[in-house]
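First the structure, in the form of C-alpha cells, and then the observations on it.
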Amino acid sequence: LILLPGDVFSFNQAVGERTRDKGYQEAPVFIDNQTVSDIGGGVCQVSSTLYNLALLMNLEIIERTNHSLPVSYVPLGRDATVNYNNIDLKFKNNTDSSLLLVTEVVDDTITAKFFGREKLTFTIKLISETIKTIPPPITVKEDKNLAKGEVKINPGSPGYVVKLDRKSVV
C-alpha cells in the first residue's frame, strides 16, 4: 500500500469487513468486557502492529481506540482495537514523501515496514506510564446450574489508564 504525503490510512478501509466468506475464522474477541468467540478475532494484533509502526515512524495518529481489557501481545497503551464500521485505526502520512507499507506473515509472526525515499534521521522512544489502576467490577449473576448455596467466583481483570508519550532521539 502506498501512502502519499497527506494520505490517511484507515485499517477498516484497507482490510475490509471481516466475514466468514472472506476466510476469517472465529477466535477470541472482547465484547462488553467479556472474552467471547467471534468472526475475525485476532485481527487487532494486526491493527496494533500497524499502530506501533505508525508511532515509531512519528506519523500523526488520527483515530485509535484501546481494548476494553488489557491484551498480552503489546505493552499497555500500545494496542489498537478495530471493529468494522464502528472502531477504526487511522493515521496520516505527515511526511514530505510517499511511504510504501509492506506487511508479511511468516508462521505466526507478522512484520510491518514502511519504505520511503529518505532514511530516518531520528529514533522514536515510546514511554508508557500507568496513571491509574482500576479494580475489576464485582458483578453478581444467578446461575441455576449451581447447587443451592454454591458460589462460583470469576476473578475480573483490572483496568488501566495509561499515558503514552513519544520522544524523538536524534
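What follows draws every value from the coordinates through simple rules; no lab data is involved. Note that this is a predicted model, so its numbers are computed, not measured. A quick note on method: Cβ atoms are made from the backbone with ideal geometry, for glycine too, and the neighbour counts reach across all protein chains shown.
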Worksheet entry | Estimated vicinal HN-Hα couplings, Hz - the range 58-74 in sequence order (Karplus 6.51, -1.76, 1.60; Gly, Pro = x) | 6, 7, 6, 7, 8, 8, 7, 10, 7, 5, 6, 10, x, 10, 9, 8, 9
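Multiply the residue separation of Glu63 and Ile138 by 0.36 nm, subtract the distance between their alpha-carbon atoms, and state the gained length in nm to one decimal. Intermediate results must be reported in sequence, preceding the final value.
On the way: separation 75, 0.36 × 75 = 27.00 nm, distance 3.13 nm.
Residue separation times 0.36 nm, minus the Cα-Cα distance, leaves 23.9 nm.
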Worksheet, complete the sentence: Measuring from the longest principal axis of the C-alpha atoms of the chain, the long axis of helix 44-56 (C-alpha) lies at a number of degrees, nearest 10, equal to 40 degrees
Response to the item:
Cross-link reach from Lys144 to lysines, straight Cα distance under 18 Å and at least 8 residues apart if same chain, gives Lys152
Discussion item. From the P(r) of the range 107-170, could you give the percentage of C-alpha pairs in the tail past 13 Å?
Written reply: 80 percent
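Rank by packing, highest mean first: peptides 41-53, 150-162, 84-96, with packing defined as the count of other Cβ atoms within 10 Å averaged across residues. Display every interim value, and only then the final one.
Numbers: 41-53: 19.5, 150-162: 11.1, 84-96: 16.8.
With the highest mean Cβ count within 10 Å placed first, the list reads 41-53, 84-96, 150-162.
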Worksheet item: When the Karplus curve 6.51 cos²θ - 1.76 cosθ + 1.60 is applied with θ = phi - 60°, which whole-Hz ³J(HN,Hα) does each residue of the range 146-154 get, with x for Gly and Pro?
Response: 8, 5, 4, x, 7, 10, 10, 10, 9
Practice prompt. Go through the range 122-134 residue by residue and turn each phi into a ³J(HN,Hα) via Karplus (6.51, -1.76, 1.60, θ = phi - 60°); whole Hz please, and just put x for glycine and proline.
Written response: 9, 10, 9, 9, 9, 10, 9, 10, 7, 7, 8, 9, 9
Worksheet item: For Ile62, which sequence-distant residues (separation of 5 or more, or a different chain) have an amide H within less than 5 Å of its own amide H, given hydrogens modelled in the peptide plane?
Response: Lys90, Phe91, Lys92
Discussion item. I need the peptides 77-83, 143-149, 104-110, 114-120 ranked by packing, meaning the mean over residues of other C-beta atoms within 10 angstrom, with the highest value on top.
Written reply: 77-83, 114-120, 104-110, 143-149
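Seen from all sides and averaged, what is the projected area of the convex hull of the Cα atoms in the range 1-99, in nm²?
That works out to 6.3 nm², a quarter of the Cα hull's surface.
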Worksheet, complete the sentence: For Lys22, counting only lysines whose alpha-carbon sits under 29 Å away and dropping same-chain residues fewer than eight positions off, the answer is Lys90, Lys92, Lys113
Worksheet item: Say each of Ile127 and Lys152 gets a label point 7 Å from the Cα, pointing the same way as Cα to Cβ; how far apart are those two points in nm?
Response: 4.6 nm
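Which value in Å does the Kirkwood hydrodynamic radius of the range 14-163 take, with 1/r averaged over all unlike C-alpha pairs and then inverted?
Numbers: mean 1/r = 0.0552 Å⁻¹.
This gives a value of 18.1 Å.
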Discussion item. Taking amide H atoms as placed 1.01 Å from N in the peptide plane, list the residues 5 or more away in sequence, or in a different chain, whose amide H sits under 5 Å from that of Ile124.
Written reply: Val169
Worksheet entry | Under 5 Å, built H, 5+ apart or other chain: amide partners of Asp7 | Asn93
